[in-house]
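Here's the structure we're looking at; comments come further down.
Every read-out reported here was derived from the displayed coordinates using simple, explicitly stated rules and does not represent laboratory data. Source: prediction; values computed, not measured. Note that each Cβ is placed from the backbone with ideal geometry, even for glycine, and that neighbours are counted across all protein chains shown.
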Amino acid sequence: MNLLKTVKSDTMPEHYKLMSKAEMANRVMEIKQQLGEDLFIPCHHYQKDEVVPFADAIGDSLQLAQIAASNKQAKHIVFCGVHFMAETADMLTTNEQMVTLPDMRAGCSMADMADIHQLTNAWPILQNLFGDTILPVTYINSTAAIKSFVGEYGGTTVTSSNAATIVAWALEQKERIFFLPDQHLGRNTAFELGIPLDAMAIWDPIKNKLEYEGNLEDCKVILWKGYCSVHQHFTVKNIKTIRKNSPNMRIIVHPECTHEVVSLADDFGSTKKIVTEISNAAPGTEWAIGTEANLVGRIIQENPDKKIASLNPFMCPCMTMNRIDLPHLLWTLESIQNNEKRNQIKVDEQTTKFALKALERMLQLS
Ligand code: 13P
Ligand code: SF4
């Protein structure tokens, strides 16, 4: 029986904004202690510094999915990340576990670029062009509905840390893949696996049209025309400036950056890879990082023995990740303490059924 009361308002009451940081931090710690193992707070690397100290686990998208899949005891999972991550956690946990997103406005603009209706329109057109030769593969940065479609058609999810392994597997299953929604991760990964750029087509979901200049038989990868609005701010010009002014700096970027940027960088990888590579580097080394601003700021603080800067001097915050702040975290925890059901992320059973297939395939292959 669910004892939680339903509350209508989903807007955080004003008084939280008037509390001091110290007061909020004390309350959060008190509630964490009271709830003990019933509460679990996973946190993505892009979260704000004011939230990170309260995390029970911090990681990249793959780590957060693995952690959700293995945690069976927490009744309340308060997800400090964005909507698709919380949906993923909901699907990987049991029905008895409740996943909450402290601010429902914390979406991902890239995930929003692939709507399930656009995908169901695209699929028959692509089947007409290519026959039954396409395996759909979706970046975990996508809605549960997209994951479900992909799972139903035998495909899988990928994250930035397992993309090469999973895409290599996918290309063994079918002649070509349909990669959603991030064209850049898809292109960078396929290129890493030796697929030439002229074997990659673009699917434009707005025009509902394939963009490809070569022979259709040569097309190995169809890239959904989506991108990350944060990572598009790292440019070739930024790389040239660093090479000219700071020739000793190694440049590491996230694979959501364009192919031109990734090709000119010294290395690329998931947020976990960026964190690990820099923390393992020798003291005195110099780094320019092409990823989200909160993480770059934290890496700078945690590595005082190195010279570190953002690849883009204006820094690039993810505004939606930033919606999760200390007031929203406290509000959510107090709601749980008061048995108020609020900001719950619940994916319906039918969607979950096939989306789980896509997620489980990925977890097995990782
Ligand atoms: P990671 O899986 O590398 O943490 O990336 C998630 C993300 O949203 C990057 O923009
Ligand atoms: Fe989405 Fe980009 Fe933000 Fe990552 S950084 S959560 S891909 S908008």
Mind listing just one residue for me: the one in the stretch 229-264 that is buried (at least 22 other Cβ atoms within 10 Å of the Cβ) and part of a loop (DSSP other than H, G, I, E, B) and, of those, farthest from ligand 1 (Cβ to nearest atom)? Phe234
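Can you name the residue in the stretch 205-228 that is surrounded by 15 or more Cβ atoms within 10 Å (Cβ to Cβ) and among the charged types (D, E, K, R) and, of all such residues, is nearest to the chain's Cα centre (by Cα)? Reasoning before the result, please.
Here is the first cut: in the stretch 205-228, the residues surrounded by 15 or more Cβ atoms within 10 Å (Cβ to Cβ) are 205, 210, 212, 219-228.
Of the ones still in play, those that are also among the charged types (D, E, K, R) are 220, 225.
Details: Lys220: 25, Lys225: 17 Å.
Result: Lys225.
Matching residues to (1) away from ligand 2 (no atom under 16 Å from the Cβ); (2) in contact with a strand residue (DSSP E or B) (Cβ under 7 Å, 6 or more places away or on another chain); (3) under 19 Å from Leu62 (Cα atoms); (4) assigned to a strand (DSSP E or B):
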{"residue": "Gly154", "(1), (2), (3), (4)": "yes, yes, no, no"}
{"residue": "Ser161", "(1), (2), (3), (4)": "no, no, yes, no"}
{"residue": "Thr165", "(1), (2), (3), (4)": "yes, no, yes, no"}
{"residue": "Ala170", "(1), (2), (3), (4)": "yes, yes, yes, no"}
{"residue": "His184", "(1), (2), (3), (4)": "no, no, yes, no"}
Number of the exception - Ile274 against (1) away from ligand 1 (no atom under 12 Å from the Cβ); (2) without any contact (Cβ under 8 Å) to a residue 60 or more places away in the chain; (3) in contact with a strand residue (DSSP E or B) (Cβ under 7 Å, 6 or more places away or on another chain): (1)
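Confirm whether Thr332 is more than 16 Å from ligand 1 (Cβ to nearest atom), within 30 Å of His15 (Cβ to Cβ), polar (S, T, N, Q) and touching a residue at least 24 places away in the same chain (Cβ under 8 Å). Outline the logic, then answer.
Numbers: more than 16 Å from ligand 1 (Cβ to nearest atom): yes; within 30 Å of His15 (Cβ to Cβ): yes; polar (S, T, N, Q): yes; touching a residue at least 24 places away in the same chain (Cβ under 8 Å): yes.
In short, yes.
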So in the stretch 186-198, with the set limited to residues that are free of Cβ contacts under 8 Å to residues at least 60 places away in the same chain and assigned to a helix (DSSP H, G or I), which one is farthest from Phe234 (Cα to Cα)? Asp198
